[in-house]
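Q: Before we start, here is the structure in question, set down as structure tokens.
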Amino acid sequence: DRAPEFTLTTFAGDSIRSTDLVGQVVLLNFWASWCLPCAEEAAALEQVWRDYQPGGQVMFIGVDYVDTEPEARAYLQDYNVTYPNGPDLGTRISRAYRITGVPETYLIDASGIIRGYKLGPFTSVAEIQQFVAGALTP
């Protein structure tokens, strides 16, 4: 299925449009500061992001679900999350992706097709790497 289009304004004030990400693999992670399983996967997601970031082939985006900004910003700081994150104002993105809770992660290939879906937290760096590899072309 084609990934639903979205626009996310990050906590840094940048606007990310999914249509601008065509040509990159996108890991779209829905999370919340109050979500304990989200916290369990935060360090591993950040580590894999830092591995992929220099190549520019993969983009990680965090979508903060039903949260308050101070708590969300504190979560990002506590886990040293550096990939773009922003609040899902009005739960527009969450509804477009029909999430059922957090964490939920979608993998979108370079042509905008959903290639993977993960309900619940990732348990290791290796699991995230394998997940992302499913959308990378050799």
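The values are calculated or read from the model by the stated rules, or taken from the named source; none is laboratory data. The structure presented is a predicted model; accordingly, all values stated were derived computationally and were not measured. Backbone-built Cβ (ideal geometry, glycine too); neighbour counts: all protein chains shown. Side chains included, ligands, DNA and RNA excluded: accessible areas come from the protein's heavy atoms. Shrake-Rupley method; radii C 1.70, N 1.55, O 1.52, S 1.80 Å.
Q: Say we join alpha carbon atoms closer than 10 Å with springs in a Gaussian network model of the chain; which of ALA42, ALA96, ALA12 then has the biggest fluctuation?
A: Looking only at ALA42, ALA96, ALA12, the biggest GNM fluctuation is shown by ALA12.
Q: Shifting gears a bit: So with the 1.4 Å probe, I'd like the accessible area per residue for the stretch 12-82, rounded to whole Å².
A: Result: 50 Å² of accessible area for each residue.
Q: With all protein chains present, how much of the accessible area of the chain (probe radius 1.4 Å) comes from carbon and sulfur, to the nearest whole percent?
A: Carbon and sulfur together cover 51 percent of it.
Q: Can I ask one more? With N denoting the number of residues in the stretch 80-138, provide Rg(C-alpha) divided by 2.2 N^0.38 Å, to two decimal places.
A: Cα-based Rg divided by the globular estimate yields 1.23.
Q: Given H placed 1.01 Å from N in the peptide plane, which residues other than close sequence neighbours of MET59 have an amide H under 5 Å from its amide H?
A: VAL25, VAL26, LEU27
Q: How large is the direction-averaged shadow of the alpha-carbon convex hull of the chain, in nm²?
A: The orientation-averaged projected area of the Cα hull of the chain comes to 7.4 nm².
Q: Based on the Kirkwood radius over alpha-carbon pairs, what value in µm²/s does the Stokes-Einstein equation return for the translational diffusion coefficient of the stretch 20-74 at 20 °C and 1.002 mPa s?
A: Rounded to a whole number, D works out at 175 µm²/s.
Q: State the answer as a single residue: which of GLN53, ILE108, VAL125 lies farthest towards the positive end of the charge dipole of the chain, with beta carbon charges of +1 for Lys and Arg and -1 for Asp and Glu, about the Cα centre.
A: With unit charges placed on the Cβ atoms, the residue in question is ILE108.
Q: Each residue of the stretch 114-127 in turn: what ³J(HN,Hα) in whole Hz from Karplus with 6.51, -1.76, 1.60 and θ = phi - 60°, glycine and Pro shown as x?
A: Along the stretch 114-127, the couplings run 6, 10, x, 8, 10, 9, x, x, 6, 9, 7, 4, 4, 5 Hz.
Q: Only bridges whose two residues both fall in the chain count here: according to DSSP, what percent of them are antiparallel, nearest 5?
A: Approximately 60 percent, going by the DSSP bridge assignments.
Q: Further question: Mind checking the full-extension length gain between ARG50 and ARG17? Use 0.36 nm per residue of separation minus the Cα-Cα distance, one decimal, nm.
A: Between ARG50 and ARG17, full extension yields 9.7 nm more.
Q: Hey, another quick one. Students often get this wrong: which residues of the stretch 80-97 have the backbone nitrogen under 17 Å from the point 7 angstrom along Cα-to-C-beta of GLU71?
A: 86-91
Q: Roughly how many debye, to the nearest 20, is the charge dipole of the stretch 1-114 about its Cα centre, given +1 on each Lys and Arg Cβ, -1 on each Asp and Glu Cβ, and no other charges?
A: 300 debye
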